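See below for the structure under consideration.
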Amino acid sequence: MKKIEISYQQHAVAGVIEALLLVALVAVIISTIQLIYIPEIMEQREADHMDDVENQFSYLKSVVDIQSTMQEDIPISSPITLGSKELPYFVTARAFGQLDIIDNTESHIDTDSFVDQPLTSIQLDAMNSYYIDQDLILEGGGLIIQQYDGETMRIAPSITWESQATTVYIEWILPELSSIAGKNSTGGFKNCYIRTNYSSTESKPTATNHVYIYTDFLDAWNNSLHVIFEEAIENDDISIQKWPVDTPEYVRIQGDAKNISVDITIVHIGAQIGPGTVLQ
């Protein structure tokens, strides 16, 4: 009878185990990057995007201010980046934005000499996937930033004032936007352009008793006006507050120790999103 000997080789098994361990190590590293570092990278990416959009809205405000001052019919296009793309090779999500020109609005200004002056705006709703959602609003010549925990007026509207013997004289250059149907809204994550141009100027009758500002952003307007009129408020020349106190509906500006004289100049600005001719 022939004797059969069986021997076991451990080399092949060891190689398979090494390969499995390497695959497991790579999977752990990729998973760690995906779960820990990628969200941080994407959050910073979206935060940088919001900084860029704020700068773009600041540029847009400066363009509207220049057009309002020069009163020349020179169309200018301002870029707005709606969102940001995902990272390649990793599981990430895009950030989107919705951009609207709002000229049919319930926000308005009332005084003792006129009522229902529209407070138009350009608004970007940023829908971020990792960073906090924010809204940027160019309203009444001021730039507002809103998020879940509050709002602030980042750049004040074009309001100047001078206090004389018995009267505080206030001048407000107020842009009123008018858009075109089909060119007043867009969404996505790519770049778009807002084209604006000067149309005409209108002077409102002088207000001598009060100014009421009806807006969705009462805190932003109230705080900004307190900064603009800080000295006049400290001297009790005028008062500014959200009113009524219990259930605020508007921001009220009125004289106290002194009278007020408010001249509001309406500058009509044509605005549209995308290419084409801005209609008068």
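The values are calculated or read from the model by the stated rules, or taken from the named source; none is laboratory data. Every value quoted in this text rests on a predicted model; they were computed, and no experiment measured them. Cβ: placed from backbone, ideal geometry, glycine included. Neighbour counts: every protein chain shown.
Structure values in brief
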| item | result |
| --- | --- |
| Subset of region 88-121 (residues that are free of Cβ contacts under 8 Å to residues at least 12 places away in the same chain and among the hydrophobic types (A, V, I, L, M, F, W, C)) | VAL115 |
| Sole exception among (1) among the polar types (S, T, N, Q); (2) assigned to a helix (DSSP H, G or I); (3) modelled with pLDDT of 95 or more for GLN34, by number | (3) |
| Pairs where the first residue, in region 192-211, is in a loop (DSSP other than H, G, I, E, B) and the second is small (Gly, Ala, Ser), C-beta under 7 Å, 6+ apart | PRO205/SER113; THR206/SER113; THR206/SER261; THR208/SER261 |
| Complete set of residues in region 181-213 that are surrounded by fewer than 17 Cβ atoms within 10 Å (Cβ to Cβ) and under 30 Å from PHE96 (Cα atoms) | ALA181, GLY182, SER185, GLY187, GLY188, PHE189, LYS190, ASN191, TYR193 |
| Number of positions in region 214-251 that are over 25 Å from the mean Cα position of the chain (by Cα), of a type in the set (Ser, Thr, Tyr) and surrounded by 15 or more Cβ atoms within 10 Å (Cβ to Cβ) | 1 |
| Failed item in (1) more than 29 Å from GLU249 (Cα to Cα); (2) without any contact (Cβ under 8 Å) to a residue 40 or more places away in the chain, with PRO39 passing the rest | (2) |
| Candidates ILE144, ILE159 - the one that is closer than 30 Å to ILE41 by Cα, touching a Phe, Trp or Tyr at 6+ places or on another chain (Cβ under 6 Å) and buried (at least 17 other Cβ atoms within 10 Å of the Cβ) | ILE144 |
| Looking only at region 139-161, and only at residues there that are under 11 Å from the mean Cα position of the chain (by Cα) and not aliphatic (A, V, I, L, M), the one that is farthest from ILE213 (Cα to Cα) | GLN147 |
